[in-house]
Amino acid sequence: MSKNINVLALVKGEEKYIFLFNDSNRKNTLRQLGRYASNPALSFTWYDAAVMSQKVRKLTRIEAAMQTRFKAISSDQSQ
């Protein structure tokens with residue numbers, strides 16, 4: 001599991017939505033996007049939730065690929 005923290009932000013007028021997540025709380029972050037979208041008191045829409053959830057998934061894939069490369073480089077150097 002990665003210890004890296006991913007940051008995702010959205011600014012809509014006066015409102016700022018900032019999400020910090022890693023592998024262990026990615027699912028909770030995705031759920032929170034849905035909660036915000038379903039809250040009529042916020043300007044956060046279902047479209048925002050969809051776009052942000054795609055970015056969460058993309059960041060997770062990028063991080064996994066980087067970890068795989070790092071492990072491969074580390075194991076090559078230790079030989």
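The values are calculated or read from the model by the stated rules, or taken from the named source; none is laboratory data. Note that the structure is predicted; figures quoted are calculated from it, not measured. Neighbour counts run over all protein chains shown; Cβ positions are idealised from the backbone, glycine included.
If you go through the stretch 1-16, how many residues are more than 10 Å from the chain's Cα centre (by Cα) and either surrounded by 10 or more Cβ atoms within 10 Å (Cβ to Cβ) or part of a strand (DSSP E or B) (or both)?
Residues flagged as more than 10 Å from the chain's Cα centre (by Cα) and either surrounded by 10 or more Cβ atoms within 10 Å (Cβ to Cβ) or part of a strand (DSSP E or B) (or both) within the stretch 1-16 amount to 7.
On the basis of being among the hydroxyl-bearing types (S, T, Y) and over 12 Å from the mean Cα position of the chain (by Cα), does S38 make the cut?
Against the criterion (among the hydroxyl-bearing types (S, T, Y) and over 12 Å from the mean Cα position of the chain (by Cα)), S38 qualifies.
Within the stretch 17-34, restricting attention to residues that are at pLDDT below 90 and part of a helix (DSSP H, G or I), which residue is farthest from T60 (Cα to Cα)? If you could, list the steps in order and put the result at the bottom.
Going residue by residue through the stretch 17-34, those that are at pLDDT below 90 are 22-24.
When the remaining residues are screened for being part of a helix (DSSP H, G or I), the result is 23-24.
Numbers: D23: 7, S24: 11 Å.
This residue is S24.
In the stretch 25-56, how many residues are free of Cβ contacts under 8 Å to residues at least 12 places away in the same chain and closer than 18 Å to V7 by Cα?
Matching residues across the stretch 25-56 total 7.
Would you point out the residue of the stretch 25-35, among those that are surrounded by fewer than 16 Cβ atoms within 10 Å (Cβ to Cβ) and over 11 Å from the mean Cα position of the chain (by Cα), that is nearest to D48 (Cα to Cα)?
That would be G34.
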